[in-house]
1. Looking only at the range 65-93, filter to residues that are in contact with a strand residue (DSSP E or B) (Cβ under 7 Å, 6 or more places away or on another chain) and in contact (Cβ under 8 Å) with a residue 60 or more places away in the chain; which one of those is farthest from Lys135 (Cα to Cα)?
2. Mind listing whichever residues of the range 56-82 are open to solvent by 10 Å² or more (accessible area, probe 1.4 Å) and over 19 Å from the mean Cα position of the chain (by Cα)?
3. Here is a check on your reading of the model: is Ile6 β-branched (Val, Ile, Thr), under 27 Å from Val168 (Cβ atoms), open to solvent by 20 Å² or more (accessible area, probe 1.4 Å) and out of contact with any Ser or Thr (no Cβ under 7 Å at 6 or more places or on another chain)?
4. What are the pairs with Cβ atoms under 6 angstrom where one residue, in the range 382-400, is small (Gly, Ala, Ser) and the other, located anywhere, is assigned to a strand (DSSP E or B)? Sequence gap at least six, or different chains.
5. So Asn228 passes all but one of these: (1) crowded, with 16+ Cβ neighbours inside 10 Å; (2) free of Cβ contacts under 8 Å to residues at least 40 places away in the same chain; (3) not charged (D, E, K, R). Which condition number does it fail?
6. May I ask you to list the residues in the range 257-291 that are part of a loop (DSSP other than H, G, I, E, B) and open to solvent by 30 Å² or more (accessible area, probe 1.4 Å)?
7. List pairs: first residue in the range 45-60 and under 14 Å from Leu131 (Cβ atoms), second residue acidic (Asp, Glu) and surrounded by 10 or more Cβ atoms within 10 Å (Cβ to Cβ) anywhere in the structure, Cβ distance under 8 angstrom, at least six positions apart or on different chains.
8. Looking only at residues that are assigned to a loop (DSSP other than H, G, I, E, B) and either touching a Ser or Thr at 6+ places or on another chain (Cβ under 8 Å) or open to solvent by 40 Å² or more (accessible area, probe 1.4 Å) (or both) in the range 83-98, which one is nearest to Pro275 (Cα to Cα)?
Amino acid sequence: MIEEKIKFITNSPPLKGTIKQRYSDFVVEEVTHEGICEVQRYNKPLNERNFEKMRVPENPENKEHLILEMEKINTDTNTAIALISRGINTSKKRIGYAGLKDKRGITAQRISIYQPNIQKIENFGVKGIELRAPKWGERIELGELQGNNFTITIRNINETKEEIEKVVQQFVLECESGIPNYFGNQRFGGKRQITHRVGKLLLLQDFKTAVELYLTETYEEEKPDLKNARINLAKTMDYSKALKEFPFEARTERAILNHLVQHPNDYANAFSVLPKKMRYLFTHAYQSYLFNKMISERIKLLGKKALIPQEGDILEEGEVTALLPGYESQFASGIQGEIEHKILQEENMNLENFKVEGIAEISSQGSRKKISLKPQNMYLDKVGEDEFNIGKRFATIKFYLTKGNYATTIMQELIKEEIF
């Protein structure tokens with residue numbers, strides 16, 4: 001699978017700097033119909049953090065779900081849910097959430113827990129995860145959010161304060177017309193860039209290769225114990241031995257390995273041991289990869305006019321859309337239709353590949369997504385001397401994105417480099 005560099009569209013000079021140097025440089029606050037779930041703890045110095053014990057209120061209406069605010073630092077949502085599940089001795093299936101949040105950063109979101117053990121909830125304590133503001137209500141389902149507020153600090157900038165202000169001001173103005181709505185690289189597995197590749201293999205029903213790729217692919221900065229375990233498995237394909245070597249925190253890999261030890265050669269069901277929401281991500285990652293290729297191809301052909309409707313485009317709320325392919329998809333016509341056909345042909349895929357009999361979470365009917373992203377309430381919050389990079393400056397930018405869109409898409413357009 002050939003990877004292509006994404007194409008940028010704004011004219012503002014690149015604001016070169018470092019993204020996510022510190023966890024507190026990337027703050028995400030979930031926005032729902034109930035309001036903003038604010039970060040309150042991990043962005044403060046240790047001596048200013050509140051460690052007051054949580055007390056669960058009475059439940060006079062006998063609601064079945066306890067709603068909590070979950071703030072976490074340097075922990076992805078799936079891992080946080082797994083830690084909570086184990087800490088309060090309940091199934092992960094009983095825990096609901098509206099959206100996945102980044103690992104490297106500080107994030108706040110609401111979760112729900114079905115009929116929890118109150119004492120265990122009140123005594124829950126895991127480093128890097130805070131649960132608070134308990135109340136009784138209804139289960140929170142995936143997608144039940146409006147969007148997210150972002151506060152992002154770019155560090156290690158060479159430009160002067162005045163130059164930074166000028167670049168960001170120009171960029172904010174250009175964003176009002178929209179920028180390419182790429183899926184962020186975290187959709188594809190971050191630095192390992194694995195999720196979409198596994199997704200394609202699953203759609204092609206090459207389950208053995210999909211499993212082997214997921215378990216053995218490494219990247220340069222991966223932790224040595226996990227990296228060595230992957231390398232050893234690639235050499236031996238001894239799943240029993242690998243189960244002893246893969247570190248405990250590699251939960252998904254260990255779950256797959258355990259299945260293969262108990263059911264040798266049952267590659268078709270190896271991913272079934274993962275949560276259903278996670279299994280769905282493989283196909284969606286591949287759809288997202290194709291979507292990104294379609295946007296890049298459109299920019300290559302149309303340049304600055306790429307985000308402007310052309311004859312044959314399928315529009316949503318007046319905005320151009322591109323294909324997230326599925327077995328019931330309808331291609332656009334005109335130049336966008338040509339692009340969509342071309343990308344699938346280059347991948348040797350057809351729409352029928354997106355229906356895998358008997359595995360609904362891998363299959364997808366398909367949909368379309370706007371190719372233009374317009375951040376709301378975007379502004380430069382602070383510029384100053386960077387105490388962590390002497391002689392350099394930092395810039396803090398705030399904005400809001402509706403659900404399903406990526407802050408890294410905004411940042412990489414600003415710095416004119418892909419972010420992994």
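1. Glu71
2. Answer for the range 56-82, where residues must be open to solvent by 10 Å² or more (accessible area, probe 1.4 Å) and over 19 Å from the mean Cα position of the chain (by Cα): Val56, Pro57, Glu58, Asn59, Pro60, Glu61, Asn62, Lys63, Glu64, His65, Ile67, Glu69.
3. Values: β-branched (Val, Ile, Thr): yes; under 27 Å from Val168 (Cβ atoms): yes; open to solvent by 20 Å² or more (accessible area, probe 1.4 Å): yes; out of contact with any Ser or Thr (no Cβ under 7 Å at 6 or more places or on another chain): no.
No: the conditions fail for Ile6.
4. Gly384/Phe394; Ala395/Ile154; Ala395/Val383
5. (1)
6. Looking only at the range 257-291, we keep the residues that are part of a loop (DSSP other than H, G, I, E, B), and these are 263-266, 274-275.
Result: His263, Pro264, Asn265, Asp266, Pro275.
7. Lys53/Glu122; Met54/Glu122; Arg55/Glu122; Val56/Glu122
8. The first filter runs over the range 83-98 and keeps only residues assigned to a loop (DSSP other than H, G, I, E, B), leaving 88-91, 98.
Keeping just the survivors that are either touching a Ser or Thr at 6+ places or on another chain (Cβ under 8 Å) or open to solvent by 40 Å² or more (accessible area, probe 1.4 Å) (or both) gives 89, 91, 98.
Numbers: Asn89: 17, Ser91: 11, Ala98: 15 Å.
Result: Ser91.
The values are calculated or read from the model by the stated rules, or taken from the named source; none is laboratory data. Note that this is a predicted model, so its numbers are computed, not measured. A quick note on method: Cβ atoms are made from the backbone with ideal geometry, for glycine too, and the neighbour counts reach across all protein chains shown. The area values use the complete protein model at the heavy-atom level, side chains included, leaving out ligands, DNA and RNA. Shrake-Rupley method; radii C 1.70, N 1.55, O 1.52, S 1.80 Å.
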